[in-house]
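Reviewing the structure listed below.
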Amino acid sequence: MMNIILIAVAVILLTIGLVWLVDKFIPNKLRPVLMIALIALIAFLGYQTFNSIYEPIKFNKVKQKRYAAVIEKMIDVRDSQLAHRQVTGTFAPNFENLIKFIDTAEFTITQRRVETVLDEEATKLYGGVETFKDITVIDTLGTVPVKDSLFKKSNRYKTMMEIPSIEGAKIEMKSGFIGEEGKPKIPVFEAKILKNVILADQDKDLVAQENEVVSVDGVNGNAIKVGSLDQVNTSGNWPKTYGDSE
């Protein structure tokens, strides 16, 4: 914003200076020609100033629209991977496996209830005086397809890796395990797409600035991503202004 202000001030000062020079030193015969040239110069500088202000505004509109579309995809990826872990205990290694899982897998529906039963050990300990305890019983009520639970009648999960605004652009995804040696390994996954890919057709300087963003209101870093291969984390790196990041 400071650069834009400086450019605007410079254009105003230059215009005033040129008008003064023409009025002060240029003969009357040459003034019409110079005034036409001056008007052309002012128009050019005005156009450049307008572009310097409008281009970032246009860039931000394109960026926000594309980021919102990508984040919707990322949320579907995250929800699908969390369902995969709930059912199988691990995250899917690629989209082919994840889509196949959604098409075929089912959630088990359970119900917890507390039941009071005779505590035989305590009863013996107290000389036959009946003693009771509460236990939690889990009843299996049935199953429901993962597809219906997550996506209802939509088939959007089959293209959740594709970015509609950029032809051929796709989200990259990996999964793995982390943990200390000798201890149970913890499953992790990460899905991401670089900002350079999302904004491939935009001004390179503005994209470079976007890659350096560090802000509570922005998508930090050079990519939009969810999850991590280095730590236990299934959150996205976008702010809540774009949607739920948890």
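The values are calculated or read from the model by the stated rules, or taken from the named source; none is laboratory data. Since the structure is predicted, the reported quantities are computational estimates derived from the model, not experimental observations. Glycine also receives a Cβ, built like all others from the backbone with ideal geometry; neighbour counts cover every protein chain displayed.
Among the residues of the stretch 101-121, those that are modelled with pLDDT of 75 or more, among the charged types (D, E, K, R) and more than 21 Å from Tyr157 (Cβ to Cβ) comprise Glu120, Glu121. Per the listing Val213, Val219, the residue uniquely in contact (Cβ under 8 Å) with a residue 40 or more places away in the chain, surrounded by 13 or more Cβ atoms within 10 Å (Cβ to Cβ) and β-branched (Val, Ile, Thr) is Val219. When Gly182, Gly168, Gly236 are checked against the criterion of being small (Gly, Ala, Ser) and over 25 Å from Tyr157 (Cβ atoms), Gly182 stands alone in meeting it.
Table: residues versus (1) among the small types (Gly, Ala, Ser); (2) in contact (Cβ under 8 Å) with a residue 24 or more places away in the chain; (3) closer than 24 Å to Gln64 by Cβ.
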| residue | (1), (2), (3) |
| --- | --- |
| Lys152 | no, no, no |
| Pro164 | no, yes, yes |
| Ile186 | no, yes, no |
| Gly236 | yes, yes, yes |
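If you check Leu82, Leu38, Leu98, Leu45 for being touching a helix residue (DSSP H, G or I) at 6+ places or on another chain (Cβ under 8 Å) and modelled with pLDDT of 90 or more, only one passes: Leu98. Checking each residue of the stretch 199-222 against the condition of being among the β-branched types (Val, Ile, Thr) and in contact with a Pro (Cβ under 8 Å, 6 or more places away or on another chain) gives at least one match. You will find that of Glu167, Glu162, Glu180, the residue that is among the acidic types (Asp, Glu), within 15 Å of the chain's Cα centre (by Cα) and either closer than 19 Å to Asp76 by Cβ or surrounded by fewer than 17 Cβ atoms within 10 Å (Cβ to Cβ) (or both) is Glu162 and no other.
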